[in-house]
Amino acid sequence: MNRQIWTAPNQLTLLRLIFIPFIVMNVAEGDHGWALGLFIAAGISDGLDGLLARLLKQKTVLGQYLDPIADKLLLSTLFLVLAFKQHIPWKVTIIVLSRDVIIIVICSLVYATMNFRDFRPSIVGKLNTVSQVLTIGLVLLDQLTHHPWVDVATTISLWTTFGLTIISGVHYVIRLGQQLHQLHYGKSAGA
């Protein structure tokens, strides 16, 4: 485990976690330029850690858990802070946070009771994450500039995220149910 922490991809993921309080402080203080810059740096580190894991053959079990945790913490924290600052409607933030909590609870229960571990994101879940990242970036950019296209893009992105979050949450639960059904059916047929 100690060696896994020191791999280059996992160090980048830990750096992304360190960015979170600094981005939040800048949003809270209204310094949206720094917040956007740090958010972009966090995004670059996210892409770079995956690339390095593949190129250096440093994929680790720790990284498989740490990377999505860092992403969720970054996005969920920013949705919450930006809602408190009244830059994101509360209903969008509530849907985003509720989906994540529901998925965490369901996955924890399934893991604890069935020792099932296949919780990979679907293409819909990945699209939702991209939409959330784009939304946060546009909301921060919208605080820096008041160009009409940024306002329009931000509004479209917010409501796209709202819809995709609902769709991806429902899709995740249905897909997990199908996987568990197949797992159970496969065990019953083999018994």
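Farthest towards the positive end of the charge dipole of the chain, among the residues Met114, Leu80, Trp34, is the Cα of Met114, using unit charges on the Cβ of Lys, Arg, Asp and Glu. Ordered by the number of other Cβ atoms lying within 10 Å of each residue's own Cβ, fewest first, Phe22, Phe162, Phe79 fall into the sequence Phe22, Phe162, Phe79.
If the segment from His171 to Trp159 were pulled out straight at 0.36 nm per residue, it would be longer than the present Cα-Cα gap by 2.5 nm. The C-alpha atoms of the chain define a longest principal axis, and helix 90-114 lies at about 20 degrees to it. When the label point is put 7 Å from the Cα of Ile106 along its Cα-to-beta-carbon vector, which residues of the range 140-171 have a backbone N closer than 20 Å? Answer for the range 140-171: 161-171.
Here the Karplus curve 6.51 cos²θ - 1.76 cosθ + 1.60, taken at θ = phi - 60°, turns the phi angles of the range 40-51 into couplings of 5, 4, 5, x, 5, 5, 5, x, 5, 5, x, 5 Hz, with x standing for Gly and Pro.
Computed from the alpha carbon atoms alone, the convex hull of the chain holds 134 Å³ per residue. With both labels modelled 7 Å from their Cα along Cα-to-Cβ, the Tyr65 to Gln178 distance reads 2.8 nm. When the alpha carbon gyration tensor of the range 88-191 is reduced to an equivalent ellipsoid, the three semi-axes, largest first, read 37, 12, 9 Å. Compared with the dominant Cα axis of the chain, that is its longest principal axis, helix 61-84 is turned about 40°.
Counting every other Cβ atom within 10 Å of each residue's Cβ, Trp6, Trp34 order from fewest to most as Trp6, Trp34.
As a calculated quantity, the FRET efficiency between His146 and Phe22 at R0 = 41 Å, using C-beta atoms, amounts to about 0.95. In order along the range 165-182, the Karplus-derived 3J(HN,Hα) couplings, from 6.51 cos²θ - 1.76 cosθ + 1.60 at θ = phi - 60°, round to 5, 5, 4, 5, x, 5, 4, 4, 5, 5, 4, 5, x, 5, 4, 5, 4, 5 Hz, and Gly and Pro are given as x.
Taken together, the values in this text are just the output of simple stated rules run on the coordinates, not laboratory data. Bear in mind the structure is a predicted one, so any value in this text is a computation, not a measurement. Please note: Cβ atoms are built from the backbone with ideal geometry, for glycine as well, and neighbour counts cover all protein chains shown.
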